[in-house]
Every structure is written in structure tokens, then in C-alpha cells.
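Have a look at the structure below before the remarks.
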Amino acid sequence: MKKTPSLIIVLVSTLGLLSTIIARTMGVTDPLNNAVSTFKYFTVQSNLIVVFYFWILFSLNPNNKKFDNAIGAVVLYITVTFIVFALFLEPTWAPKGIELVGSIINHYITPILAISFLIYFKSDYSFKFKTIPFWLVYPLIYLIYVIIHGSLTSNYLYPFFEIDEIGISRFILNSAALLVLFGFLSCGFVFIFKKRVRE
């Protein structure tokens, strides 16, 4: 029952990623380097996680529940991608052509599909609070990566992380706010799905 929607999510998200990569390689002197550098962004990484997870889900026997709990982390990451872009990044960015297609898919369509999948199959999932620390490992690692990358290149990837422009205090505040968002959504996922499974 989950195979068809899983495959749809894989295909749609892959289309979004390919559109983004192609857009970044058009009209540049070093297309390979530009394509590779695309993968340092959280948006691309969270969409890749979606592709890998739902491909695994599509490939598995329907009775295999080994990766059920991981969907909480997958949907968490892509949901944050959606929220942060919609609230903070979209007003500052105006992509065109194929880049616009990739942006719409990566930031809106894929998150909506992943969230809808989790809601539709809600009775199959029950998350626990003890798994939240594991869900938060990747965001913490990514934040450390941003700091290291910025220290070496003076490029902190996102405007709300640009220490040279916003200052260290604002950087710490923004980082803490994002981690709180991850934590708040994680707790919400656990609370909502534990409650619904019991009903």
C-alpha cells in the first residue's frame, strides 16, 4: 500500500534535486565543482534523505518495520526546510527557469508530500521521546559543519548564519532558535503520534 506513494515521493524529490543541480551547472566555467558544492546546503541534503528513505521504503517488504521510526527524523528535516525557507529565505531569493522549478519542488512539494504520507499512514507509526536525541544528531552535525565551513571560507551558507554580517551574538541566537525549532517539532511529532495511535 505504501509502495506507490513512496515511489511518487522518490521521483518528485529526485526531479527537484536534478533541477537544482542542472541550474547550478548552466553557464558556469566549472560545472562539476558547482554541482558538487550544491550538496553542502541543508535543503539539498534533507531532500536527499527523503529520496533515500522512501526508496528504501519502496524496496522493502511491506511487513518490514525496521525503518519505521526513522520516518520521524526524515519528515522532521524536510519540514524544517519548508518552514525556514517559507519564512526567512524566499523573500530574499528570486530564482528563474529550471532553478525556480527545483526550488518549488525542494522547498514545498516534497515537504508537503512527505508530511502527507506520515499523516495518511499515521496509524502505522508511534514515536517515543527517547528517540528525539537521535533525530537531533544530524542538525547538530550540520551546524558544526556550517561553522567550520564558514571559518575556512567566510561563507556560512545561509544569511542567518553569516557571522561577519550579523555578529557572533546574533549567530548564536539564530542557531539556538533553529535547534529549538527542531526540538519543538520533534516533541510535537512524538506527542501527536503517540496520542493518535492510542485512540
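The values are calculated or read from the model by the stated rules, or taken from the named source; none is laboratory data. In this text the structure is predicted, and so the values were computed from the model without any measurement. Neighbour counts are summed over all protein chains in view; Cβ atoms, including those assigned to glycine, are modelled from backbone coordinates with ideal geometry.
Go through segment 127-170 residue by residue and tally those that are more than 21 Å from the chain's Cα centre (by Cα), among the hydroxyl-bearing types (Ser, Thr, Tyr) and in a loop (DSSP other than H, G, I, E, B).
So the answer is 1.
Within the bounds of segment 58-65, is there any residue that is surrounded by 13 or more Cβ atoms within 10 Å (Cβ to Cβ) and under 12 Å from the mean Cα position of the chain (by Cα)?
If we filter segment 58-65 for residues that are surrounded by 13 or more Cβ atoms within 10 Å (Cβ to Cβ), which is where we start, we get 58, 60.
Within this subset, residues satisfying the condition of being under 12 Å from the mean Cα position of the chain (by Cα) are none.
No, segment 58-65 contains no residue that is surrounded by 13 or more Cβ atoms within 10 Å (Cβ to Cβ) and under 12 Å from the mean Cα position of the chain (by Cα).
Could you tell me whether any residue of segment 71-93 is free of Cβ contacts under 8 Å to residues at least 40 places away in the same chain, of a type in the set (Asp, Glu) and surrounded by fewer than 15 Cβ atoms within 10 Å (Cβ to Cβ)?
Yes, there is a match, as at least one residue in segment 71-93 is free of Cβ contacts under 8 Å to residues at least 40 places away in the same chain, of a type in the set (Asp, Glu) and surrounded by fewer than 15 Cβ atoms within 10 Å (Cβ to Cβ).
Using beta carbons and a limit of 6 Å, which pairs, at least six apart or on different chains, have the first residue in segment 150-178 and on the phi > 0 side of the Ramachandran plot and the second one part of a helix (DSSP H, G or I) and modelled with pLDDT of 95 or more?
Pairs found: LEU157/VAL146.
For the list (1) of a type outside the set (Phe, Trp, Tyr); (2) under 21 Å from LEU118 (Cβ atoms); (3) not in a helix (DSSP H, G or I), I need the number of the one condition that VAL50 fails.
(3)
Between SER103, SER126, SER116, which is surrounded by fewer than 21 Cβ atoms within 10 Å (Cβ to Cβ), among the hydroxyl-bearing types (Ser, Thr, Tyr) and modelled with pLDDT of 95 or more? Even if it seems obvious, please write down each step before you answer.
Values: SER103 fails: surrounded by fewer than 21 Cβ atoms within 10 Å (Cβ to Cβ); SER126 fails: modelled with pLDDT of 95 or more.
From the options SER103, SER126, SER116, the qualifying one is SER116.
Are there any pairs with C-beta distances below 7 angstrom linking a residue in segment 37-57 that is under 14 Å from TYR145 (Cα atoms) to a residue that is crowded, with 23+ Cβ neighbours inside 10 Å, with the two at least 6 apart or on different chains, and if so which?
Correct list of pairs: PHE42/THR81.
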